[in-house]
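Presented below is the structure to which this report refers.
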Amino acid sequence: MDDSLRSIRKNEHIQLALDTYQSGGTDFDKVQLIHQSIPSINKNQINLSMTFPHFTFNHPIYINAMTGGSERASLINKHLAQIARECDIPMAVGSTHSALKDTHAESSFTVVREENPNGIIFSNVGADIGYKLAQKSIELLGANALQIHVNAPQELIMPEGDTEFEHWLNNIQEIQEHIDVPVIIKEVGFGMSAETIQKIKDIGIQYVDISGRGGTNFADIENRRRPLQDMSFLNQWGQSTVQSLLEASILGTDINLLASGGVKNPLDAIKSIVLGADAVGMSGYVLKHLEEFGVTETITHMKQFIDQLYIIANLLNASNISDLREVGYVLSPDLQSYVEQRNKAIQRFK
Ligand SMILES: Cc1cc2nc3c(=O)[nH]c(=O)nc-3n(C[C@H](O)[C@H](O)[C@H](O)COP(=O)(O)O)c2cc1C
């Protein structure tokens with residue numbers, strides 16, 4: 001694809017993500033955490049850092065993949081990197097394909113490392129590229145991990161999408177074998193099934209980001225880019241973030257579980273952790289806040305967001321991430337029915 005078209009597309013994605021952003025109404029509302037009246041810990045005794053095999057997140061949230069490859073994206077990346085640095089949280093860049101094909105686009109990504117020399121940064125590529133380009137993507141940023149996005153619905157709905165998928169799994173496996181940072185297989189808002197997570201685990205991948213439905217909606221975004229806008233019937237495609245976490249939990253496979261998709265407040269983030277996530281990513285929420293209020297206010301806001309994670313943990317009498325996993329919860333009847341129906345199917349293939 002032509003580089004200028006790629007840059008135009010990136011700007012369209014940013015604008016459409018902002019225009020279609022909705023502040024409420026996700027499956028997180030269908031999960032109730034059980035309140036305990038007599039906490040036995042103080043707020044300052046809580047530590048919500050999360051240690052993974054390859055790095056430690058000082059707080060259990062991160063800014064997820066969005067941008068790079070255009071002038072507007074470059075400024076956004078600079079600001080996101082400043083937010084990540086000041087809040088001490090990891091950050092992923094958007095797909096680096098533009099920079100892998102055109103050196104002019106590199107600075108819109110490298111700005112992230114310049115702004116945050118010591119931070120945890122994830123690079124990002126699609127599953128259609130070979131391991132040499134994947135290696136280049138990691139080197140570009142001195143990345144601590146590589147996200148490989150799997151976005152089949154997006155490619156199929158977007159007018160200029162790449163619909164050759166047959167090599168994806170092999171490519172992922174080859175990348176994993178040739179690079180020396182961990183690979184994170186990442187959805188883009190359509191969620192993951194237990195079968196997908198198992199498939200990823202079976203080829204030796206240690207990290208998934210189940211990025212589910214509920215927030216930024218690439219079915220809707222790509223449909224709006226179609227001349228006839230004729231595919232809105234797929235707007236609710238995929239598993240929500242809550243459903244994806246339930247899929248992972250029924251499966252019970254030992255894999256590092258990152259969750260994103262529709263996280264819009266600290267309670268959504270804590271609910272994700274209670275349901276099994278090791279850390280929680282946000283894209284649309286941070287982008288929207290940055291666009292509306294600017295970088296300084298967004299830093300203050302995200303610091304408050306982190307503090308409020310600790311407030312909720314205190315309410316739940318949880319002093320760390322493992323305690324959060326023990327928190328009681330109740331699912332709405334439709335989620336409970338989802339669990340029962342999927343449980344049967346998942347036990348069959350396990
Ligand atoms: C403007 C924008 C651009 C995105 N570009 C990418 C990308 O290049 N690579 C990727 O893996 N995910 C990309 N995403 C998807 C997000 O990383 C995330 O999976 C999805 O937006 C769901 O999270 P959210 O509801 O918090 O936005 C993008 C999201 C947004 C808002």
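How much mean residue ellipticity at 222 nm does the chain get from its helices, if each DSSP H run of length 4 or more adds -39500 (n - 2.57) and you divide by all residues, to the nearest 500 deg cm²/dmol? Helix contribution divided over all residues of the chain: -15000 deg cm²/dmol.
Only one residue of ASN118, LEU275, ILE148 has its Cα farthest out toward the positive end of the dipole of the chain, where Lys and Arg carry +1 and Asp and Glu -1 on Cβ, and that residue is LEU275. Once you have all Cα-Cα distances for segment 130-202, histogram them in 10 Å bins from zero and send the whole-percent values. Per 10 Å bin, starting at 0, the Cα pair percentages come out as 17, 49, 32, 3. When +1 charges are put on Lys and Arg Cβ atoms and -1 charges on Asp and Glu Cβ atoms, the dipole computed for the chain relative to its Cα centre reaches about 580 debye.
Among LYS264, LYS271, the ranking by other beta carbons within 10 Å of each residue's beta carbon, starting with the fewest, stands as LYS264, LYS271.
Set against the 2.2 N^0.38 Å expectation for a compact globular protein, segment 261-350 has a Cα radius of gyration ratio of 1.34. The alpha-carbon atoms of the chain define a convex hull whose volume equals 130 cubic angstrom per residue.
For segment 19-150, would you read off the P(r) tail past 22 Å as a percentage of all alpha carbon pairs? I get 48 percent for the Cα pairs in segment 19-150 exceeding 22 Å.
Rg then Dmax, both in Å and based on the Cα atoms of segment 128-281: 15.7, 44.
Its alpha carbons considered, segment 82-172 gives a radius of gyration followed by a Dmax of 14.0, 42 Å.
Dipole of segment 147-199 computed with +1 at Lys/Arg Cβ and -1 at Asp/Glu Cβ about the Cα centre; of GLY191, GLY161, HIS178, farthest Cα towards the positive end is GLY191. Shape class for segment 196-350: oblate, because the ratio a/c of the largest to smallest gyration tensor axis (alpha-carbon atoms, square roots of eigenvalues) is 1.5 or more and b/c is at least a/b. Looking at the chain, the DSSP beta bridges with both ends there are about 15 percent antiparallel. Across segment 1-81, how large is the tail of the calculated P(r) beyond 15 Å, expressed as a percent of all Cα pairs? Result: 76 percent of Cα pairs exceed 15 Å.
A short reminder: the numbers here are calculations on the coordinates, not readings from a lab. If you're wondering where the values come from, they're calculated on a predicted model, not measured in any experiment. For neighbour counting, all protein chains shown are included, and Cβ atoms are generated from backbone atoms with ideal geometry for every residue, glycine included.
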